[in-house]
Amino acid sequence: MEPQSTDEPAPLQQGGIVEQVMVALRRIIRAIDLHSRFLVNRYGLTGPQLAVLKQIPRDGAVSVGKIARGILLTQATVTGILDRLERRNFVRRQRSEVDKRQVLVSLTDAGREVMLAPPSLLHESFAETFGQLQDWEQTLILASLQRLVRMLEAENIEATPMLTTGPVTAAAEQVRALLDAPAIPEAPPSEAGAMGPMDADAAPPPPDAAPQPEPNEATPNPIA
């Protein structure tokens, strides 16, 4: 008699390649969350906010469009980040005396103080290390990550080239709230199965109900 088929998935093997891939993905998520927590706790700012501040000359002014081009974000997204920075007195905006249509951004004393010893941002250090790889290694990593995105059905999720927790335009308080959200109760051992040990982190990940990225966080539009 032939064995009856079952729809139950095969259990994960401890130390198997599937588990190792998921552990690697989990470590990436945790690294982003830990870096975001460090920036919020140490500087009271998010990664995207610090990235914007780094684009502004210490003793000069720069247009919003130039900032956006420098960090590969849309001008609308950068404007949202500047709104929060201006409310906290890190930057000031004023119309150009030469072209009244252009808005120039400069640092305040508080902004210059932060930029005296600006931290290295996660996406900056990653880009520097990634750029040292051979072309074939970069292509291989990109192809593998793109395949993972398709496997996770995440092709339609809008994202920007920023390794940060939460929406790019989120305030520091919002990011802190995401990182400090209560842990989701663990499933009973009978339901968790072999997956239980994989999520034994020091702190919980952001909840699944975290705010979705802003619509304007799509691939940057050309900026005049």
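Has the range 162-175 got any residue that is modelled with pLDDT of 90 or more, touching a Lys or Arg at 6+ places or on another chain (Cβ under 7 Å) and not basic (Lys, Arg)? The answer is yes; a qualifying residue exists.
Residues in the range 54-102 that are among the aliphatic types (A, V, I, L, M) and touching a strand residue (DSSP E or B) at 6+ places or on another chain (Cβ under 8 Å): ILE56, ALA61, VAL62, VAL64, ILE67, LEU82, LEU85, VAL91. With the condition kept exactly as written, say whether any residue in the range 88-103 is outside any strand (DSSP E or B), of a type in the set (A, V, I, L, M, F, W, C) and modelled with pLDDT under 95. Looking for residues that are outside any strand (DSSP E or B), of a type in the set (A, V, I, L, M, F, W, C) and modelled with pLDDT under 95, one finds at least one in the range 88-103, hence yes.
Whether a residue is of a type in the set (Gly, Ala, Ser) and not in a loop (DSSP other than H, G, I, E, B) was assessed, and SER125 passes this test. Do we have any residue at all in the range 57-71 that's in contact with a Pro (Cβ under 9 Å, 6 or more places away or on another chain), closer than 28 Å to ALA181 by Cβ and surrounded by 15 or more Cβ atoms within 10 Å (Cβ to Cβ)? Yes: one or more hits.
Among the residues of the range 133-156, the ones that are assigned to a loop (DSSP other than H, G, I, E, B) and surrounded by 11 or more Cβ atoms within 10 Å (Cβ to Cβ) come to 1 in all. Residue count for the range 49-86 satisfying the condition of being outside any helix (DSSP H, G or I), within 19 Å of THR108 (Cβ to Cβ) and not polar (S, T, N, Q): 7.
The values are calculated or read from the model by the stated rules, or taken from the named source; none is laboratory data. Note that this is a predicted model, so its numbers are computed, not measured. In this analysis, Cβ positions are derived from the backbone assuming ideal geometry, glycine residues included, and neighbour counts consider all displayed protein chains.
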